[in-house]
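Below: one structure, written as structure tokens.
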Amino acid sequence: MGAYYITTDLEFRARFNPVVLDEELRQAGLYGGVDERRGYWKGGYSCGECVYHPTSGLRHLLSIVEGLGAEARGVWDRCYSRRFDMGFQGFDARFHSNWQVSGRLMRRLADVEGDLVVTIYRDDEPVETR
């Protein structure tokens with residue numbers, strides 16, 4: 001099975017209203033927002049800069065989080081879930097896809113206490129191979 005990269009999304013969950021974080025992420029050029037459901041808030045964001053390569057998308061989102069102001073960074077730190085979700089579209093093929101995230105980038109991810117998530121969307125129409 002092969003896969004091609006779609007985008008990287010930034011997601012978080014909190015037990016409080018993260019309005020300051022939401023505002024700062026949108027001011028940084030991310031698209032998305034926050035929804036409240038059953039006593040918790042979920043934020044989901046994407047960006048135009050995150051569609052070229054998985055590591056460039058991750059680098060861009062990390063730069064935004066690393067550059068948050070003190071109040072928004074405090075909100076980020078208090079969230080109980082902080083995810084950088086790399087999305088891929090799978091397809092049937094006789095070859096594989098290989099994407100690498102460097103140790104340096106993983107350290108940056110750990111420094112903001114972020115989780116790396118890889119989502120592979122199933123291809124609805126598999127390619128027939130003989």
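The values are calculated or read from the model by the stated rules, or taken from the named source; none is laboratory data. This one's a predicted model, so the numbers in the text were calculated from it and none came from an experiment. Cβ: placed from backbone, ideal geometry, glycine included. Neighbour counts: every protein chain shown. Protein only, heavy atoms only, side chains kept; ligands, DNA and RNA dropped before computing areas. Shrake-Rupley method; radii C 1.70, N 1.55, O 1.52, S 1.80 Å.
Sort out which residues of segment 21-43 are open to solvent by less than 40 Å² (accessible area, probe 1.4 Å) and either part of a helix (DSSP H, G or I) or within 20 Å of E113 (Cα to Cα) (or both), and write them in order of number. If the condition is that a residue be open to solvent by less than 40 Å² (accessible area, probe 1.4 Å) and either part of a helix (DSSP H, G or I) or within 20 Å of E113 (Cα to Cα) (or both), then L21, D22, L25, L30, G43 are the ones that fit. Cβ-Cβ distances below 6 Å connect the following pairs, each with a first residue in segment 53-81 that is closer than 13 Å to G114 by Cα and touching a residue at least 24 places away in the same chain (Cβ under 8 Å), a second residue that is open to solvent by 30 Å² or more (accessible area, probe 1.4 Å) and of a type outside the set (A, V, I, L, M), and a separation of six or more residues or different chains: L62/R108; Y80/R13; S81/R13. Scanning segment 1-20 for residues that are part of a loop (DSSP other than H, G, I, E, B) and out of contact with any Gly (no Cβ under 9 Å at 6 or more places or on another chain) gives F16, N17. With a requirement of 3 or more residues that are open to solvent by less than 60 Å² (accessible area, probe 1.4 Å) and closer than 25 Å to N17 by Cα, the helices (runs of 4 or more DSSP H) lying completely within segment 44-112 that satisfy it span 54-66, 70-78.
I'd like to check something: does segment 13-24 contain any residue that is closer than 23 Å to Y121 by Cα and under 12 Å from the mean Cα position of the chain (by Cα)? For segment 13-24, residues closer than 23 Å to Y121 by Cα and under 12 Å from the mean Cα position of the chain (by Cα): absent.
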